[in-house]
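The values are calculated or read from the model by the stated rules, or taken from the named source; none is laboratory data. Please read these numbers as outputs of a predicted model, since none were measured by experiment. All Cβ positions, glycine included, derive from the backbone under ideal geometry; neighbour counts span all protein chains shown.
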Amino acid sequence: MTENKPTLVILAAGMGSRYGGLKQMDTFTPEGDTIIDFSLFDAIQAGFGKIVFVIRKTLEKEFKTIFNKKLSGKLEVEYVFQELENVPEKYINLERVKPWGTGHALLMLKGVIKENFAVINADDFYGRQAFNAIAEKLKHTKKDSYDFCMVAYALKNTVSNNGYVSRGECTVNTKDFLIDVTERVRIERIDGALKREDGKGGMISIDENTTVSMNIWGFTPKCFEFIDKLFLEFLEENKNSNKAEFYLPAIVNNMITTEVASVKVLESDSKWFGVTYIDDKYKVEKEINKLKENGVYPSKMWN
């Protein structure tokens, strides 16, 4: 068993194309809090010892201005850059503007992280119980093991009323281990019912209680053994695409279907919310301010 403090990785290199701007930098309270602020606050309470932001180089100054002062003296902070050109030269696509995806972001951490770590999205509010659950699991996992984990949510609690979302659809066995995760790139509510794209351009029903991943994963450093090979295979298959993304769930699925790793599914009763579209903002502001009013978070978190 290890009692080392785990690291929290925040994926913040996205462009927010459906939101219409950098949602990771947008504020949601009168005090000017971003969604990241709540993840950071919860991570400190849960016992994480270091934060690593995965960002684009153009955001470095802004991120450091906002977060370094808040986190000074509380835990270590590092920045890793995810750029389009961070691929073998023969795969550089000058027409591409979209980042290569969450799996590529994870690849940027190789050689930087030596301890157990959790990965989250910058624009999702996960809730304190989720951070407590994954931190506790990581603290007691040997870092040379292939014992990974994730926090799961019910699909009905993770959709937007303002358009489609992407979610990792999970199949979980009776012992609460993940046996399959499939990235569903389009799930939306149509005429009151949840539906997903069927891969042929049509939409089919999906159960609202389906277990989904919201990209809150727990890994040991052993995960980096697999990523290079999988990313090269992805690049070869998608070298002519300007939009294809290397998703983190694809890495996880490969590791569990080839039986080199296991992923324990941790249930969360925390309420998730996030912003995919600008019209989601009002609801998130309302939910976050309610939490502050109820004392879950102090009015001024970083004083």
Filtered residues of the stretch 201-250 (kept if modelled with pLDDT of 90 or more, hydroxyl-bearing (Ser, Thr, Tyr) and under 28 Å from residue 114 (Cα atoms)): 220
Residue within the stretch 94-101 that is part of a loop (DSSP other than H, G, I, E, B) and among the aromatic types (Phe, Trp, Tyr) present: yes
Flag if residue 276 is among the hydroxyl-bearing types (Ser, Thr, Tyr) and within 19 Å of residue 54 (Cβ to Cβ): no
Strands (runs of 3 or more DSSP E) completely within the stretch 183-258 that count 1 or more residues being of a type in the set (S, T, N, Q) and either surrounded by 18 or more Cβ atoms within 10 Å (Cβ to Cβ) or touching a helix residue (DSSP H, G or I) at 6+ places or on another chain (Cβ under 8 Å) (or both): 211-219
Evaluation of residue 285 against (1) of a type in the set (Asp, Glu); (2) assigned to a strand (DSSP E or B); (3) in contact (Cβ under 8 Å) with a residue 60 or more places away in the chain (one fails), failing number: (2)
Lone unmet requirement of (1) in a helix (DSSP H, G or I); (2) modelled with pLDDT of 90 or more; (3) under 21 Å from the mean Cα position of the chain (by Cα) for residue 58: (2)
Residue within the stretch 137-151 that is of a type in the set (Lys, Arg), under 27 Å from residue 55 (Cα atoms), without any contact (Cβ under 8 Å) to a residue 60 or more places away in the chain and crowded, with 17+ Cβ neighbours inside 10 Å present: no
Whichever residue in the stretch 119-173 is basic (Lys, Arg) and out of contact with any Pro (no Cβ under 8 Å at 6 or more places or on another chain) and, among such residues, is farthest from residue 226 (Cα to Cα): 156
Test: residue 159 is β-branched (Val, Ile, Thr), touching a Leu at 6+ places or on another chain (Cβ under 9 Å) and more than 24 Å from residue 285 (Cβ to Cβ): no
Single unsatisfied condition, residue 31 versus (1) over 30 Å from residue 140 (Cα atoms); (2) surrounded by 15 or more Cβ atoms within 10 Å (Cβ to Cβ); (3) at pLDDT below 90: (3)
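Matching residues to (1) touching a strand residue (DSSP E or B) at 6+ places or on another chain (Cβ under 6 Å); (2) buried (at least 19 other Cβ atoms within 10 Å of the Cβ); (3) over 19 Å from residue 250 (Cβ atoms):
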| residue | (1), (2), (3) |
| --- | --- |
| 97 | no, no, yes |
| 115 | yes, no, yes |
| 121 | yes, yes, no |
| 157 | no, no, yes |
| 160 | no, yes, yes |
Filter result for residue 69 (surrounded by fewer than 22 Cβ atoms within 10 Å (Cβ to Cβ), touching an Asp or Glu at 6+ places or on another chain (Cβ under 7 Å) and charged (D, E, K, R)): no
